[in-house]
Structures are given as structure tokens and as C-alpha cells.
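Since the structure comes first, as C-alpha cells, the remarks are kept for the end.
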Amino acid sequence: LYADLLEQKYGRRPVIFLTNGFDTRIDDGAYPERKVAALYSKQDLEKLFNLRSMRTSLKYIQVDKQIAGRYYQEGAIKAVCQAFGERNRRKALLVMATGTGKTRTASSLTDVLSRGGHVTNVLFLADRTALVKQAKDDFKKYLPDQSLCNLCSSKDDKAARIVFSTYPTMLNAIDNAKTKDGVPLFSPAHFDLIIVDESHRSIFKKYRAIFDYFDAILVGLTAT
């Protein structure tokens, strides 16, 4: 009722947080109510409302064929967009054979979701530093206008739109890394999209804390 009245008064529906002192849940008006690690900061809420105002339908979004030109890559991107758009889901899994361009597809998906106003900050996770570097190099080639950061070698560029990291490095950033003001390096709402390379089950058991901490839509990539 309180949210309804605020919406009537200001013409914009507020984000609702519910808590019993132990667990915190969010009702953002876009997705079903869900558990979050913490309340959003003022900056996070501003970003959320900015995205809300920019958001367009993903139904007729055009895939950049310079990035992902193969028909199955375009089909995969459109299927994920349908899951996030029409079906209102927050998780998607892409199963693509080795050599079919998973990273290229992920780059194009990032481009589509950014242009559609659905995501601003993206996290790309891989299990080895070599794969992290390779993914960053590929994204730089396909998305030259985006700011990128390899967290394994540079923790200074927090403002980068797309961050690449291994699981242990990101866990350490969540648990220990702080800015000069003592604020965590990344807030729970910092990333809007997390892309998980080689997303096998063991990853979600061992590094589940990452996905419990960040409140983001999730795309898994795997060949198996």
C-alpha cells in the first residue's frame, strides 16, 4: 500500500526491500520477489532507475552481424533475450560446442542487452587466468568502445563497464577488497549481468557465494 501511494504521488514505483533482520528480499517491480545480500546503495538505486527509463523491448532487437554473424549465434542471443524479456527469467544457459564461438556470442549478447538498456555493468567469470585474458582480448576486439578490466591483473579500474575475473579473485574482492573509504570494491547490485564461462555444476557448489552476493541476471556458457 505504501509503495502504491508513493507511485501515485511521484509517478514512479519505488523499489521495495523487506527484511526480518536476518534475510533481505527485494521487490523491484520487474522480476518476482527475491533474496538479496544487502540493501541497495543510493548509487545502485539511481542506476536501477536510469536503466528502467532506458529499457526497450528485446523482442525486435537487432544482432550486430559484425560480432556474431552465424545463424546459430544469432538464434542463441535471441533465445536468451526472449528468456529475459517475454519470459521474465533471470537465468539462461547456452550449450554450444567447442569452436562455435561462445565468447563471440557472449560479446554480442552484452552488446544487445546494453543497447536495449537492460544492463550497464557486466562481469565475465572464468576458471583460469589464461581464459580470463583471452576473453578480455576477444571482447576488446568485438566491443572496442566498452571499457574493460582484468581483475586478476588490475584492481584499480573499478569503473570499467565489463570486468573479467577468475572465481577466487572475485571471491577475494567480495570478502577483502575495499576502496580507500573502506567501502567494498563491488556492491551486491554493481553488476547487472554475470556471464559464467564453462559453467559446470562444481563451480556453483564451490563458488556459490559469488552468485548469492551479486543480484544480477545470469548467463552460463558450456560445451558439455
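The values are calculated or read from the model by the stated rules, or taken from the named source; none is laboratory data. Just so it is clear, the model here is predicted, and its values are computed rather than measured. Cβ placement follows ideal geometry from the backbone for every residue including glycine, while neighbour counts extend to all protein chains displayed. Side chains included, ligands, DNA and RNA excluded: accessible areas come from the protein's heavy atoms. Shrake-Rupley method; radii C 1.70, N 1.55, O 1.52, S 1.80 Å.
Considering only protein heavy atoms, what per residue accessible area in square angstrom results for region 182-224 with a 1.4 angstrom probe? List each step's numbers first, then the result.
On the way: 1760 Å² over 43 residues.
Using a 1.4 Å probe on heavy atoms only, each residue of region 182-224 averages 41 Å².
When the solvent-accessible area of the chain is split by element, carbon and sulfur atoms take up 50 percent of it, the probe being 1.4 Å. Approximating the spin labels as points 7 Å out from Cα along Cα→Cβ, the residue 95-to-residue 46 distance works out to 4.4 nm.
Using a 1.4 Å probe, what is the accessible area per residue for region 1-68, in Å²? Before the final figure, lay out the partial values.
On the way: 5020 Å² over 68 residues.
That works out to 74 Å² for each residue.
Here residue 17 and residue 71 are evaluated by their C-beta separation; at R0 = 30 Å the FRET efficiency comes out at 0.10. Non-local lysine pairs in region 101-177, meaning eight or more places apart or on different chains, with alpha-carbon distances under 19 Å, amount to 11. Prolate is the label for region 110-149. Its Cα gyration tensor axes, ordered a ≥ b ≥ c, give a/c of at least 1.5 and a/b above b/c.
Computed from point charges on the beta carbon alone (+1 for Lys and Arg, -1 for Asp and Glu), the dipole magnitude for the chain about its Cα centre is near 340 Debye. In this simple spin-label model, placing a label point 7 Å from the Cα along the Cα-to-Cβ direction at both residue 141 and residue 79 gives a separation of 2.4 nm. Remark on region 19-60: ratio of C-alpha radius of gyration to 2.2 N^0.38 Å is 1.40. The modelled label-to-label distance between residue 56 and residue 37, using points 7 Å beyond Cα along the C-beta direction, is 3.3 nm.
Here region 67-224 yields Rg over Rh of 0.94, to two decimals, using C-alpha coordinates and the Kirkwood radius.
Per the helix-only calculation at 222 nm, which mean residue ellipticity applies to the chain, given -39500 (n - 2.57) for every DSSP H run of n ≥ 4 and division by its residues, nearest 500 deg cm²/dmol? Kindly include the intermediate steps, with their values, before the conclusion.
Details: 8 runs with 85 residues, N = 224.
One gets -11500 deg cm²/dmol as the mean residue ellipticity at 222 nm.
Considering only alpha-carbon pairs that sit under 8 angstrom and 6 or more positions apart, the relative contact order computed for region 81-224 is 31 percent.
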